[in-house]
1. Residues that are surrounded by fewer than 16 Cβ atoms within 10 Å (Cβ to Cβ), over 27 Å from S333 (Cβ atoms), among the β-branched types (V, I, T) and within 28 Å of the chain's Cα centre (by Cα): does segment 492-510 have at least one?
2. Please name all residue pairs, on different chains or six or more residues apart, with Cβ atoms under 9 Å, provided the first residue is in segment 1-27 and is surrounded by fewer than 14 Cβ atoms within 10 Å (Cβ to Cβ) and the second residue is part of a loop (DSSP other than H, G, I, E, B) and among the charged types (D, E, K, R).
3. Within segment 145-160, can you find the residues that are buried (at least 21 other Cβ atoms within 10 Å of the Cβ) and part of a loop (DSSP other than H, G, I, E, B)?
4. How many residues does segment 423-460 contain that are in a helix (DSSP H, G or I) and of a type in the set (V, I, T)?
5. Tell me which residues, restricted to segment 140-158, are under 30 Å from D192 (Cβ atoms) and either free of Cβ contacts under 8 Å to residues at least 40 places away in the same chain or polar (S, T, N, Q) (or both).
6. Scan segment 544-577 for residues that are under 25 Å from P160 (Cα atoms) and surrounded by fewer than 18 Cβ atoms within 10 Å (Cβ to Cβ) and report the count.
7. Got a number for residues in segment 415-451 being within 18 Å of R247 (Cα to Cα) and either without any contact (Cβ under 8 Å) to a residue 60 or more places away in the chain or surrounded by fewer than 24 Cβ atoms within 10 Å (Cβ to Cβ) (or both)?
8. Mind listing whichever residues of segment 113-131 are part of a loop (DSSP other than H, G, I, E, B), in contact with a Cys (Cβ under 8 Å, 6 or more places away or on another chain) and either within 12 Å of A148 (Cβ to Cβ) or aliphatic (A, V, I, L, M) (or both)?
Amino acid sequence: MFESVHENLSESAAANVIDWLEKPKYAEYRFELEQLILDEKWHELEDAFFKVIEFGTGGRRGTTGVGSNRINRVTIGESAQALCVYAKHHDESAPEKGIVIACDTRLSSDELSIYVAEVCAGNGFKTYLFDGFRSTPELSFAVRELSAAAGIVISASHNPPSDNGFKAYWSDGGQLVAPHDKGVLEVAELIDEIVTTSIEEAEKLGRLQYIGKQIDDAYISAVCSEAVGNERDLKIVYSPLHGAGSRNTLPVLQAAGFTDIRCVEEQLVPDGNFPTVENGKPNPEEKAANDRAVALLLAEHADVAITNDPDADRVGITVRQHDQAIYLNGNQSATLATEFVLRKLHESNQLMPKHYIAKTIVTTDMMTAVADAYGAMTYTNMLVGFKYIGELIKRKEDSDEIFVIGGEESYGLLKGTYARDKDGAVGALPLAEYAAELKREGKTLWDRMIELYDTYGLFIERLDTLQCPGADGFKQMQTIMGSLRQDPPKHVDGHAVTAVYDYRTLKRHDIDSGGTTLIDCKAGDVLVYEFGDYSRRITIRPSGTEPKMKFYVQWKFETNDAASEYESRIQELENISRQLEGIALERS
């Protein structure tokens with residue numbers, strides 16, 4: 001059997017398969033693995049074992065099943081045990097402080113969260129386990145509220161039903177960042193046996209505590225305290241897309257005083273199959289995922305539709321503009337929310353130069369333009385992933401600077417510091433407040449967006465993806481990034497590339513002068529092509545959570561008539577993006 005494994009699999013895949021056949025901690029999967037080998041499922045085995053699943057932008061996430069590159073009881077269990085060992089190494093009192101565990105509504109989430117609780121209890125940690133599914137941001141809040149050493153959420157966010165994941169949080173309520181993320185993985189690689197204690201035994205030993213309503217109430221109160229507006233006359237359609245949003249966004253809106261809310265009833269049902277969501281992709285970024293909410297929006301003549309992804313850290317907003325539905329993208333929602341909260345601070349004479357907003361490098365520069373106009377600071381030198389915004393907030397705690405709001409283009413917002421991750425509930429709140437205020441004036445969020453474009457410039461952003469599944473796809477992404485890094489195109493759709501930013505080396509290379517300057521950011525596998533100036537650029541990166549490459553086109557156009565120019569400018573960006581995608585495919 002070992003001979004056939006070496007003959008048919010890559011060196012790395014074969015080594016991982018042998019480990020899974022020989023080491024005790026993989027014993028429960030040995031029969032299934034042997035059967036795959038006997039059935040000569042070499043392509044499936046290569047994909048499942050060619051690497052050890054990594055900590056990406058959102059923790060460890062992927063397809064469930066047997067394999068080192070899969071989510072299963074071993075990869076989840078060793079992650080939990082490694083987090084315990086690592087946390088105790090950094091703080092001897094970590095076991096007494098405990099670990100908080102939550103999960104979303106995915107098919108295997110409940111089972112895996114119980115198993116993780118058994119692992120944490122088995123490693124001597126006080127273990128707080130939610131009494132049912134909860135949102136990821138509530139987990140972040142709970143870690144802080146309970147003064148826990150760490151937190152774990154079992155979720156694959158917006159991924160397909162076949163996926164799940166493990167996301168770890170540190171004592172500040174923020175996701176693991178360097179060096180902790182790599183440190184936990186290094187510990188996991190050394191684990192030979194996963195130690196567990198049954199739930200029943202953990203309860204007897206006093207190591208397990210179920211949590212629920214008390215934390216829910218405190219969380220909802222914390223989010224509602226971030227309200228800044230007074231208007232509540234708004235007709236809302238809401239859907240959690242079968243996820244956890246029914247336990248954060250919906251009760252927050254209700255507690256904040258929004259009474260006219262029509263829910264997509266069939267999507268209130270928690271179901272990891274996401275049966276009523278088109279293509280099984282429960283992601284507000286996908287227009288099709290919002291179909292039922294938008295249908296109800298138009299049928300009920302409501303003002304806005306609000307949707308969340310399964311772990312409810314993302315928020316999607318659709319505006320009824322006369323008899324049409326306008327889908328706000330994540331950049332537009334972030335801009336509107338930023339402008340609203342800064343204006344409210346300004347109107348109440350509370351806004352000071354020490355207030356700051358935060359965004360990632362692929363998020364719209366329009367947030368910066370708005371902050372500049374109000375005299376607030378912007379921090380934007382952060383790689384993709386809200387964990388870097390959480391890290392920034394922690395770093396600024398000892399300064400006199402005040403965090404206002406953070407946003408990322410992938411529909412993530414956080415206002416306030418009660419949590420350290422994006423929150424679909426606190427993203428929905430200011431946007432609902434703004435929509436209600438505008439409604440009183442006879443306007444919509446889209447009307448206001450157009451006004452902001454006329455004021456600050458037409459900032460247009462577009463995201464395209466290139467699917468690269470499996471081991472072959474992983475190699476394809478490496479090949480593409482290597483080629484685009486070594487030999488950048490001179491032109492894209494007629495636009496000359498004038499500078500290349502390589503975030504792996506943290507150097508900016510000016511094409512005309514040949515000069516090199518340093519980039520102030522963490523290193524990562526990201527490339528940026530600049531076209532004339534930084535307000536016109538394309539960012540290229542392999543996804544940290546899904547098998548795909550991402551192409552972000554960001555372009556600023558000067559305008560005084562955004563309403564008439566918007567669609568044509570969108571088409572220009574599509575042309576640019578499609579040509580770059582073609583160049584990338586040629587390089588693969």
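1. yes
2. S4/E40; P24/D192; P24/E193
3. Start the filter on segment 145-160 by keeping residues that are buried (at least 21 other Cβ atoms within 10 Å of the Cβ), which leaves 148-159.
A148, A149, S155, A156, S157, H158, N159, listed by residue number.
4. Matching residues across segment 423-460 total 3.
5. Here is the first cut: in segment 140-158, the residues under 30 Å from D192 (Cβ atoms) are 143, 148-156.
Matches in segment 140-158: S155 only.
6. The total comes to 1.
7. Result for segment 415-451: 1.
8. Restricting attention to segment 113-131, the residues satisfying the condition of being part of a loop (DSSP other than H, G, I, E, B) are 123-126, 131.
The next check asks that each one be in contact with a Cys (Cβ under 8 Å, 6 or more places away or on another chain); those that pass are 123-125.
Once the filter is applied, which keeps residues that are part of a loop (DSSP other than H, G, I, E, B), in contact with a Cys (Cβ under 8 Å, 6 or more places away or on another chain) and either within 12 Å of A148 (Cβ to Cβ) or aliphatic (A, V, I, L, M) (or both), segment 113-131 yields only F125.
The values are calculated or read from the model by the stated rules, or taken from the named source; none is laboratory data. Note that the structure is predicted; figures quoted are calculated from it, not measured. In this analysis, Cβ positions are derived from the backbone assuming ideal geometry, glycine residues included, and neighbour counts consider all displayed protein chains.
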